[in-house]
Amino acid sequence: MHLQQGVQDTITWRWTNDGNFSTRSAYKIQFRGSLPPFRTDLIWKAHVENRCKIFAWILVQDKILTAHNLQKRGWPHQQQCVLCNDPLETSLHLCLCCPFAKAVWDQILSWENFTQLQQQLQVNPTHIKSWWEDAVAKVPRSERRRLNGVVIYTFWNIWKERNRRIFDNLIETVPQVAARINKDI
């Protein structure tokens, strides 16, 4: 920046293309880098109930109250995953990596003819968001909205099964949970 005598100073906001300040641009820059990017349309444009969309949003932000998140808060929690007795229940484990969840996914993906995604479940993913975005990229564009509904309802029903086991002492088998998901879809 070179200052010139006789030229009026101007202020330019570098976070917008036009150089003008806006509350929206200030808000966006404040949170830049704090949340990993995610294609939110995968959730909000899916044909599912709103409560399931909200659950999916909380899930991809890793804020559902799994044993891991309860432990971080110092709240009472079970010591392991109630679906498979794994040492620590995380969102990722519960919805994708748990053997129970994998069996449910295998059944649902074959019923819904998304067999190209069954192989993707064999490799343990590192994040729900990246797994979901990779899955969507593998199906034809015309099937993506339907897949998003399948993904959300599957996550939702695995969560509900986990809660039934904890709070109601009721246990359903993989085929029973898969049949419930199929009914939702």
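The values are calculated or read from the model by the stated rules, or taken from the named source; none is laboratory data. The structure presented is a predicted model; accordingly, all values stated were derived computationally and were not measured. When we count neighbours, we look across all protein chains shown, and the Cβ atoms used for this are built from the backbone with ideal geometry, even at glycine.
In this structure, Gln61 does not satisfy being more than 21 Å from Asp134 (Cβ to Cβ), out of contact with any Phe, Trp or Tyr (no Cβ under 8 Å at 6 or more places or on another chain) and either surrounded by fewer than 13 Cβ atoms within 10 Å (Cβ to Cβ) or not acidic (Asp, Glu) (or both). Using the structure shown, decide if Asn50 is surrounded by fewer than 10 Cβ atoms within 10 Å (Cβ to Cβ) and either at pLDDT below 95 or under 23 Å from Val177 (Cα atoms) (or both). It is true that Asn50 is surrounded by fewer than 10 Cβ atoms within 10 Å (Cβ to Cβ) and either at pLDDT below 95 or under 23 Å from Val177 (Cα atoms) (or both). Of the helices (runs of 4 or more DSSP H) lying entirely inside region 81-185, those carrying at least 3 residues that are of a type in the set (Gly, Ala, Ser) are 99-111, 128-137.
Just so you know, in region 1-31 the residues that are among the aliphatic types (A, V, I, L, M) and under 28 Å from the mean Cα position of the chain (by Cα) include one that is modelled with the lowest pLDDT, and it is Ile29.
Quick one: is Ile185 among the aliphatic types (A, V, I, L, M), in contact (Cβ under 8 Å) with a residue 12 or more places away in the chain and within 21 Å of Lys53 (Cα to Cα)? For Ile185, the condition - among the aliphatic types (A, V, I, L, M), in contact (Cβ under 8 Å) with a residue 12 or more places away in the chain and within 21 Å of Lys53 (Cα to Cα) - is met.
Is region 60-73 home to any residue that is under 26 Å from Asn157 (Cβ atoms), touching a His at 6+ places or on another chain (Cβ under 6 Å) and among the polar types (S, T, N, Q)? Yes, the conditions are met somewhere in region 60-73. Under the condition of being under 15 Å from the mean Cα position of the chain (by Cα) and in a loop (DSSP other than H, G, I, E, B), the residues counted in region 32-78 number 15. Within region 149-185, restricting attention to residues that are out of contact with any Phe, Trp or Tyr (no Cβ under 8 Å at 6 or more places or on another chain) and of a type in the set (S, T, N, Q), the residue that is surrounded by the most Cβ atoms within 10 Å (Cβ to Cβ) is Asn157. Being among the charged types (D, E, K, R) and at pLDDT below 90 is a property that Asp62 lacks. Filtering region 3-24 for residues that are assigned to a loop (DSSP other than H, G, I, E, B), within 30 Å of Asn148 (Cα to Cα) and out of contact with any helix residue (DSSP H, G or I) (no Cβ under 6 Å at 6 or more places or on another chain) leaves an empty set.
Is one or more of the residues making up region 87-101 among the aromatic types (Phe, Trp, Tyr), within 20 Å of Ile43 (Cβ to Cβ) and surrounded by 13 or more Cβ atoms within 10 Å (Cβ to Cβ)? No; the residues of region 87-101 include none that is among the aromatic types (Phe, Trp, Tyr), within 20 Å of Ile43 (Cβ to Cβ) and surrounded by 13 or more Cβ atoms within 10 Å (Cβ to Cβ). The lone criterion from (1) of a type in the set (Lys, Arg); (2) surrounded by 14 or more Cβ atoms within 10 Å (Cβ to Cβ); (3) more than 18 Å from the chain's Cα centre (by Cα) left unmet by Arg144 is number (3). Of all the numbered requirements in (1) surrounded by 15 or more Cβ atoms within 10 Å (Cβ to Cβ); (2) over 19 Å from Trp57 (Cα atoms); (3) at pLDDT below 95, Val104 misses one, and that requirement is (3).
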